Structures are given as C-alpha cells and as structure tokens.
There are 6 protein chains.
Amino acid sequence: MELSHVNEKGEARMVNVSQKNVNERVAVASARVRMKKETIQMIATGQMPKGDVLATARIAGIMGAKQTDKLIPMCHNLPLDGVTVDLEMDEEHSLVHITATATCVWKTGVEMEALTAATVAALTLYDMCKAVDKGMVIEAVQLEKKTGGKSGTYTREK
Amino acid sequence: MELSHVNEKGEARMVNVSQKNVNERVAVASARVRMKKETIQMIATGQMPKGDVLATARIAGIMGAKQTDKLIPMCHNLPLDGVTVDLEMDEEHSLVHITATATCVWKTGVEMEALTAATVAALTLYDMCKAVDKGMVIEAVQLEKKTGGKSGTYTREK
Amino acid sequence: MELSHVNEKGEARMVNVSQKNVNERVAVASARVRMKKETIQMIATGQMPKGDVLATARIAGIMGAKQTDKLIPMCHNLPLDGVTVDLEMDEEHSLVHITATATCVWKTGVEMEALTAATVAALTLYDMCKAVDKGMVIEAVQLEKKTGGKSGTYTREK
Amino acid sequence: MELSHVNEKGEARMVNVSQKNVNERVAVASARVRMKKETIQMIATGQMPKGDVLATARIAGIMGAKQTDKLIPMCHNLPLDGVTVDLEMDEEHSLVHITATATCVWKTGVEMEALTAATVAALTLYDMCKAVDKGMVIEAVQLEKKTGGKSGTYTREK
Amino acid sequence: MELSHVNEKGEARMVNVSQKNVNERVAVASARVRMKKETIQMIATGQMPKGDVLATARIAGIMGAKQTDKLIPMCHNLPLDGVTVDLEMDEEHSLVHITATATCVWKTGVEMEALTAATVAALTLYDMCKAVDKGMVIEAVQLEKKTGGKSGTYTREK
Amino acid sequence: MELSHVNEKGEARMVNVSQKNVNERVAVASARVRMKKETIQMIATGQMPKGDVLATARIAGIMGAKQTDKLIPMCHNLPLDGVTVDLEMDEEHSLVHITATATCVWKTGVEMEALTAATVAALTLYDMCKAVDKGMVIEAVQLEKKTGGKSGTYTREK
C-alpha cells in the first residue's frame with residue numbers, strides 16, 4: 001500500500017492515469033451541520049420564510065463540485081456527468097444532514113468531487129446563518145460509498 | 001436577530017456593506033482529520049518520507065482562502081492581508097489538527113476565509129492519503145475566534 | 001470623447017486609475033427574458049413548484065458579478081460592497097424582468113458588474129428552462145442608472 | 001415536457017448524463033449590440049483605428065465559452081472542440097451583429113456555451129465603448145441552431 | 001535577509017501585511033520570445049495579415065495579471081489599478097520584446113503581476129505560432145523596475 | 001504552413017478539433033531560474049531549511065497546468081491525465097532547472113500545459129525568493145519533446 005499522489009522521493013505529483021480504464025464511477029459523501037435550536041427553527045419554520053437558504057447551499061455545493069480540481073492540487077480535472085446535493089432538516093437534533101452524489105464515466109474516481117460538494121454546501125449554510133449563530137459546527141464529512149474503478153466498491157462500515 | 005444574507009422575502013443577496021467601517025479583522029478556524037493509525041504513521045514516520053503531503057495541504061488551504069468568494073455565493077470578494085494554515089500531527093489519537101488564520105483590513109469579516117482554508121486543507125489531506133485510507137473523517141470544522149467589526153469579538157466556548 | 005480602453009495606437013489596455021478618487025458608485029442594469037406562455041406558467045403556477053428556478057438564476061447572477069473582471073478583459077478587479085438581483089414574473093407578457101444592482105466604494109464604476117449580473121441571471125434562466133423552450137430570447141440588456149465617479153450620474157432616458 | 005434541471009421537488013440538480021450517447025453537437029447563438037451612430041463610426045472608420053476593440057470582444061467571447069460551467073450553475077463541464085465568435089459591423093443600422101458557434105463531441109449540448117460566448121462578446125463591446133456611449137443595448141441574445149443529441153436539430157423560425 | 005513567504009520552520013505562509021502602508025506601487029517586467037525568421041515574418045509582413053496574433057497575446061497578458069494570486073500560491077489578491085502589455089517586433093533579431101507594467105495603490109508590490117502578465121503574453125505568442133515553429137524560446141523573463149513600498153525602488157542593472 | 005489559431009481574415013479562433021483522433025499525447029517542457037549564489041545556498045543548505053520553497057513551486061506548477069485554457073485564449077480545455085514538475089538544484093551554476101511533463105489522451109496536444117506548468121513553477125520560485133533576490137531571471141522556457149497527434153514527434157535539437 002502506498003500513497004499515489006507522491007513519488008518515491010515524497011514529491012507531489014498528479015499521477016498519470018492515461019492507461020486506466022474509462023468506466024462509470026459514482027461517489028456519495030455526507031456531512032452534517034450542527035446548530036442552535038433557534039437557528040434551525042429560524043430556517044425551517046420560524047419568523048422568516050426558509051427562502052433561499054437551502055437553495056443557496058445546494059447550488060453552491062453543485063458548483064463547488066465543478067471547482068474540485070482547482071482546489072485540491074493533485075486532483076484530475078474531469079468531465080462530471082452529474083452532481084446532486086440534498087439537505088435534510090433534522091429539527092429534533094438541530095442538525096442539517098447533507099448528502100452529495102457525483103457521477104462520471106472516466107479514468108479516476110469522483111470521491112473528492114462528492115466530498116467537496118458536501119463541504120461547500122455545509123460552509124454555505126454556515127455563511128447564510130452565521131449572523132445569528134457563529135457557533136455552528138460542520139461534522140462528519142466522510143465518504144459513504146464509491147463504485148467503479150480498479151479499487152472497486154467501497155462502503156463505509158456503520 | 002435575523003439572517004443578513006436574505007432579504008425580507010427570503011431571497012438571497014450579497015448584503016451591501018458600503019457604509020460599514022474599514023477595520024482590522026482576524027478569524028481563526030479549526031478542523032481535524034481522523035484517520036487510521038497506519039495512515040498517520042505512514043505520513044509521520046513510516047515507510048515513506050512525509051514529503052509533500054502536509055505541504056500540499058497547507059498550500060491548498062492558503063490558496064483555497066483566496067477562492068472563498070467564488071465558492072460561497074453571498075461572500076464578498078475582499079483583499080486578504082494574510083493567511084496561515086498549520087497542521088499538527090497527533091499520532092496518539094490518529095488525528096491531524098488544522099488551524100487556519102485569515103486577516104484583512106476591510107468592511108466584512110474573514111470567518112468564511114478561515115473556515116474555507118481549514119476545510120480545503122482537510123480535503124487535500126484526504127485526497128493525498130485516500131489511496132490507503134478511504135475511511136478518514138473530517139471533524140469539527142468550526143470558528144475558534146474572530147475579532148474586529150461591529151459584532152465585536154467572538155470566542156468559542158470550550 | 002475617446003475610448004478609454006485602447007491607447008493612441010488602438011491597443012487594448014487596462015487603463016490606470018491609480019489617481020482617481022475613491023467614492024461610492026452604484027450601477028443598476030436590467031434585462032428581460034421572453035418565453036412561451038407555457039414556459040412562464042410552468043415556472044409560476046404550473047405543474048411543478050417554482051422550486052429553485054428563480055433562486056438559481058438569482059444566485060448565479062450574484063456570483064457572476066464577482067467574475068466580471070475574469071470575463072471582461074479590460075475590467076478592473078475591485079472589491080464589491082453589494083450585489084442584488086431581482087426577478088419579476090410578468091405572466092401577461094410572458095416575460096421575466098431582471099434588475100441587478102452593484103455597489104462599491106472604489107476608483108472605477110460598477111456598470112459592468114451590474115450588466116454581468118443581469119446577463120448571467122438571464123442565461124441561467126434560459127438554461128433552467130431550455131428543455132421545454134429553446135426559443136427564449138434575452139432582450140434589452142442595458143444600463144438603467146449609475147451614480148458616483150467623475151462622469152457623474154447617468155440615467156437612461158425612457 | 002418537464003424542466004430537467006430540477007427534481008420532482010423543484011430542487012436544482014446537475015442532471016446525470018452518464019447514460020447519454022457521445023456524439024457531435026454544434027450550437028450557433030447570436031446577439032446584437034445597438035449603439036449611437038457616432039459610436040459605430042468611431043469603431044469603424046472614425047478618429048481612431050479600429051484597433052483592438054473587436055479583437056478584444058472576440059477573444060473575450062471565446063474565453064467566456066470556456067467559463068460557461070463556472071457561470072451557469074447546472075451546466076456540465078465538458079471539453080469543447082471549437083469556438084468561433086464573429087462580429088459584423090452594420091453601420092447603416094448602428095448595430096454590431098455577433099454570431100458564436102460552439103462544437104463538442106460529448107453527452108450534452110453546447111447551447112449555453114454558444115450563448116455565453118455571444119453574451120460575453122457583447123458585454124465586452126459595451127465595456128470597450130462605454131466611455132463614449134453608456135446607452136448601448138444588447139438585444140436579441142438567442143439560439144439560432146443546434147444539432148446533435150437526443151432532441152435532434154433545432155432551427156429558429158424566422 | 002530572509003525569505004518572507006516561509007515561517008521559521010520553513011512552512012509556506014501568505015505573509016500578513018495588515019500593518020503595511022498603502023502607497024502607489026508600480027512594477028515593470030520584460031520577456032522576449034525568440035523564433036525563426038520565417039515565423040516573425042509571417043506575423044509581421046508575411047503571407048497572412050498580422051491579425052489577432054499580437055492582440056491575443058496582449059489581452060491574455062492583461063487578463064493573466066488579474067489571475068496572479070490564483071496562480072502564485074503565496075501572492076496576495078489585490079485590486080490592480082492598471083496593466084499594460086506592449087509587444088515590439090524585432091525582425092532583425094527574430095525576437096518579440098514584451099514589456100508589462102502593473103500599478104496599484106496597496107500594501108504589497110505588484111512585481112508578480114507584471115511578471116505574470118509578461119509570461120502569459122509570451123506563452124500566448126508561443127501558442128498562436130506553434131503550428132509553424134515549435135522551437136520558439138521564451139527568454140529573459142525579469143523584473144526591470146519597481147517603485148513604492150518599504151523596500152523602495154529597484155532598477156535592474158544593465 | 002499556416003497559423004492554425006487565426007482564420008483567413010487573421011481573426012483569432014479556437015480551432016475545431018472535433019474530427020481529430022483521440023490518442024495519447026505527452027509533452028515535456030523546461031525552464032531554468034538563474035539566481036545569486038547566496039540565494040540558491042539559502043534554499044539548499046543555508047540558514048533556513050529548504051522547507052516549502054520547492055514544494056510550493058512544484059505544486060503551483062501542477063495546479064497551473066490545470067489553468068492553461070483559462071490563461072491561453074485559444075487553448076482547448078481538456079482532461080489532463082497526469083502532470084509532474086521536477087526542480088533540480090544546480091548550485092555550481094546558481095540555477096534551478098525545471099522540467100514539466102503533461103499527459104493526456106485527447107484530440108489536441110499538451111505542449112501549452114507543459115509550458116505553463118514550467119513557467120508557473122518558475123514564477124513561484126521567483127515569488128518565494130524575491131525578498132532576497134529581485135534580480136532572478138527565468139530563462140529558456142522551451143518545449144523539449146512532444147509525442148502523439150497528427151504532427152507526430154518533436155524533439156528539440158541540442
């Protein structure tokens with residue numbers, strides 16, 4: 001087992017995938033944003049309409065996925081086939097659950113694209129609500145599942 | 001208390017700060033990346049030199065801070081005065097602790113810049129090591145402190 | 001009267017504004033999108049909820065304003081103080097009216113930022129609805145008003 | 001008929017095209033810029049050489065096409081095979097006619113790329129001439145033709 | 001004397017300039033592109049009009065200056081006041097001489113912006129002509145002069 | 001022989017490659033940075049650890065390659081398969097030698113990507129060391145070799 005993004009001298013590189021197979025790759029990542037009870041109520045049912053708060057986070061996450069290779073230095077730029085970002089309000093626990101899915105038919109996986117989408121959506125949620133709750137925490141950004149590619153399927157153990 | 005990034009109809013807007021004071025603003029954000037014991041050992045002392053793994057994450061975080069307004073829809077573009085990203089290896093707990101600081105003298109705070117720097121550094125660490133450990137988790141992305149601006153100083157309670 | 005963005009040889013340049021005054025500048029631009037009656041009804045009241053169609057256009061317009069200097073070669077990069085994009089449905093005439101406002105306190109005007117915001121919102125509306133109406137037309141992209149700067153106030157004649 | 005860029009709940013998504021066929025797609029878009037007679041004469045034959053005005057608009061349009069997926073939230077990033085932008089001076093009617101063509105061999109169409117190229121060229125023309133004519137209007141941004149893809153050929157009716 | 005872009009541990013940082021004075025800063029950089037005699041003749045007087053070759057390089061250089069902080073990791077993003085790029089044909093020596101000037105009134109210098117403008121113009125010239133001359137060489141990219149800032153004026157010795 | 005990036009009227013275009021074959025293309029470019037003896041010693045063995053200086057240049061070069069089509073107006077955006085940037089210290093001659101390799105399987109060559117990677121690495125090296133040596137010169141940016149594509153293999157003559 002070895003790190004693929006550094007060479008034998010430990011120097012960073014964008015690893016050559018020209019010989020890898022093109023096949024369908026899907027990755028699902030998740031994150032959650034913990035906030036005060038008052039904050040989630042304000043978004044969900046409170047004094048003001050939910051308005052564009054969730055839409056802004058969703059759209060930012062999708063656009064963020066397309067910026068992945070500009071943010072993560074050794075990531076390949078690749079043509080994404082699809083990206084979705086879902087935000088689910090969990091008022092009982094004062095959490096917003098974010099799930100991002102990225103798909104492509106290409107030579108490398110899209111784990112980073114899914115993780116970036118989830119993260120940018122979470123950061124945007126923070127930004128939209130930080131005027132009332134600076135203590136929000138982004139938790140548990142993680143890969144849930146990936147399929148396709150030589151390393152096969154990965155599913156996070158519960 | 002109200003959300004500043006949506007108007008009275010709940011529509012997103014980039015809030016007008018033209019009348020706000022220019023003063024020095026500093027924000028400190030943190031995040032941590034949890035990984036397998038084998039992974040952190042591989043980075044720190046293991047079969048291969050630490051090489052560019054931490055440097056790549058640090059540089060990506062700093063560059064990410066400069067992309068904040070392109071990622072977070074309602075963020076102002078502003079001239080950053082300084083950004084640092086520190087990564088500290090905690091081999092005992094198999095964690096890398098990330099601390100990002102952003103500084104500017106401008107009309108709006110730099111919380112999002114610090115949070116984005118910490119997050120992009122964490123995502124890059126994931127990317128650099130994912131060939132050996134897809135289960136890594138980015139945890140506890142949060143604002144530690146901010147100073148400057150009308151809302152004054154914020155310090156996270158421990 | 002002369003074009004400021006080319007020199008005496010007709011060569012493009014980013015004109016030097018280092019001696020210009022810093023003051024508040026506001027620009028308002030408008031555009032409209034003409035579509036089929038069925039399309040505007042589908043967005044407004046039709047078979048599906050209005051959902052994110054207008055929100056996506058609004059957010060894209062705001063983010064587009066921040067990309068102005070990357071799109072328009074001789075535009076200065078400047079710190080925007082505020083951007084709003086409003087979309088108004090005119091079902092009677094099958095039009096969506098777009099109004100974008102940009103504000104900054106700086107040495108050059110923000111006409112291009114307002115025009116870019118209006119245009120990107122209009123293009124996004126086209127994109128969101130093109131599956132049902134490829135014939136939509138973006139009309140009358142124009143500056144409505146600007147204030148601030150040496151050339152003073154401009155108001156479009158009706 | 002339904003909008004493809006929102007799901008059944010009206011939430012924006014980047015629709016999954018992984019199962020769509022790769023084939024050649026061409027799109028042609030047009031726009032025109034209306035200006036004062038003095039302005040077009042200044043560009044065409046007037047006191048100053050035409051210089052870089054048209055070249056800057058042409059180049060900006062081509063570069064703008066490559067930014068389409070960064071501007072239009074639900075657009076796929078795809079490898080463009082070719083982009084041309086033509087500007088034709090119509091001194092009689094004080095108009096500049098812009099025609100943009102985009103080509104790719106991929107799973108989705110390039111209508112937005114052609115429309116973005118035409119629009120950015122038009123905005124750049126405005127920027128290059130706004131020192132002498134703030135009243136210029138960008139009119140009739142529209143798709144003229146597209147070929148390729150499941151929905152087949154579209155030709156605008158005259 | 002010490003490197004400012006790394007800390008005492010040798011770690012990269014974007015150095016904090018919040019306490020530095022705002023004053024006018026100008027930097028001039030140069031580069032030259034050496035090509036075959038046939039190539040420069042083709043651009044200058046040859047079988048085809050000079051057309052957009054030089055304009056494209058000039059515009060690319062100006063736009064490149066605005067991307068400097070996205071390319072050079074530790075560079076500050078700052079509002080540029082002006083950028084010019086001049087290209088001079090030296091048919092006798094088969095060289096194109098490039099001179100780029102960047103200006104801002106800010107806390108850090110614009111040496112990197114001027115150097116980036118010159119370099120991107122040179123690379124674009126290479127790109128525009130590489131179909132006929134892959135052996136072109138970009139030579140002598142260097143800072144000619146800078147003024148402003150605590151370190152004062154620098155003028156290259158001849 | 002003719003320039004491919006301008007049409008018969010000398011107008012810039014992004015040439016249509018939709019009919020060209022997809023095959024593997026590799027390009028190798030080089031550059032060198034000349035500095036004072038004290039500077040290279042400071043990087044290599046001097047008062048401070050080499051730290052992130054070379055890593056920052058290497059990473060910037062790799063990331064720069066992915067920005068090529070945003071910098072060079074007529075360059076196609078294409079999915080890169082791999083990029084490496086090597087920096088070799090030549091203390092005897094006070095030079096750092098940079099070699100960049102870009103690979104893709106696509107319809108156009110990657111010469112510009114390799115040249116951009118080498119150049120951005122060189123500019124970053126300048127930036128990292130300019131506090132102690134503003135006189136550094138970037139020399140001999142050139143294509144060393146390319147393979148693949150209709151024009152076949154090119155190897156620079158020594």
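Before moving on, here are some points about what is shown:
- Total lysine pairs under 28 Å (Cα atoms) in region D:30-148, excluding pairs fewer than 8 apart on one chain: 21
- Note on D:109-120: average number of Cβ atoms from other chains within 10 Å of each residue's Cβ is 4.
- Efficiency of FRET from Cβ geometry, B:Q41 and C:K37, R₀ 60 Å, rounded to 0.05: 0.35
- Label-point separation, C:K158 to D:K20 (7 Å along Cα→Cβ), nm: 4.4 nm
- Heavy-atom accessible surface of D:D69, to the nearest 10 Å², is about 20 Å², with a 1.4 Å probe and all protein chains retained.
- Peptides B:152-158, F:28-34, C:148-154 ranked from most to least packed give F:28-34, C:148-154, B:152-158, packing being the mean of other C-beta atoms within 10 angstrom over each peptide's residues.
- Neighbours of A:E111, meaning other residues whose beta-carbon lies under 11 angstrom from its beta-carbon, give a summed charge of +2 when Lys and Arg score +1 and Asp and Glu score -1.
- Across identical copies of the chain, B:N21 has label-point separations of 2.5, 2.5, 6.5, 6.7, 7.0 nm, listed in ascending order, with the point defined 7 angstrom from Cα along Cα→Cβ.
- Taking a sphere under 14 Å around the Cβ of D:R25 and counting the other residues whose Cβ falls inside, with K and R at +1 and D and E at -1, yields a net charge of +3.
- Hydrodynamic radius (Kirkwood) for region A:70-109, which is based on Cα pairs only, to one decimal in Å: 12.6 Å
- Average Cα contact separation per residue, chain D, under 8 Å, 6 or more apart, as relative contact order %: 36 percent
- Using just its DSSP H runs of length 4 or more, each adding -39500 (n - 2.57), the protein assembly as shown gives a mean residue ellipticity at 222 nm of -8500 deg cm²/dmol after division by all residues.
- Counting Cβ atoms of other protein chains within 10 Å of each residue's Cβ and taking the mean over peptide A:132-145 gives 6.
- Average partner coverage of E:81-91, which counts Cβ from other chains inside 10 Å: 4
- Helix runs (DSSP H) in chain F reaching 24 Å along axis by Cα, Kyte-Doolittle at least -1.0: F:111-129
- Buried surface for the A/F pair, taken as the accessible area of each chain alone minus that of the pair with a 1.4 Å probe, is close to 1600 Å² in total.
- Cα gyration tensor, the protein assembly as shown - rounded (a/c under 1.5), prolate or oblate: rounded
- Accessible surface of the protein assembly as shown [probe 1.4 Å, protein heavy atoms]: carbon and sulfur percent: 47 percent
- Chain A residue nearest by beta-carbon to the axis mapping A to D, with distance in Å: A:P79, 4.
- Here's the picture: charge each Lys and Arg Cβ at +1 and each Asp and Glu Cβ at -1 in chain D, and of D:G10, D:G64, D:L78 the one pushed furthest to the positive end of that dipole is D:G10.
- Area projected by the alpha carbon convex hull of region C:30-148, averaged over all directions, nm²: 7.3 nm²
- Close amide H pairs (under 5 Å, H built 1.01 Å from N) link B:L80 with E:N77, residues at least 5 positions away or on another chain.
- Taking θ as phi - 60° and the Karplus parameters 6.51, -1.76 and 1.60, the scalar couplings of region F:147-158 work out to 10, x, x, 5, 7, x, 8, 10, 10, 4, 6, 7 Hz in sequence order, x denoting glycine and proline.
- Calculated label separations, F:K37, copies of the chain, 7 Å along the beta-carbon direction, nm: 4.1, 5.3, 7.4, 7.4, 8.7
- Simple point charges give the picture: +1 on the Cβ of Lys and Arg, -1 on the Cβ of Asp and Glu, and for region A:30-148 a dipole about the Cα centre of about 240 debye.
- Label point 7 Å beyond Cα along the C-beta direction, distances from D:E92 to other copies (nm, shortest first): 3.7, 5.0, 7.4, 7.4, 8.6
The values are calculated or read from the model by the stated rules, or taken from the named source; none is laboratory data. As the structure is a prediction and not an experimental result, all values here were calculated from the model. Neighbour counts run over all protein chains shown; Cβ positions are idealised from the backbone, glycine included. When the accessible area is computed, the model is the full protein with side chains, heavy atoms only, and any ligands, DNA or RNA have been set aside. Shrake-Rupley method; radii C 1.70, N 1.55, O 1.52, S 1.80 Å.
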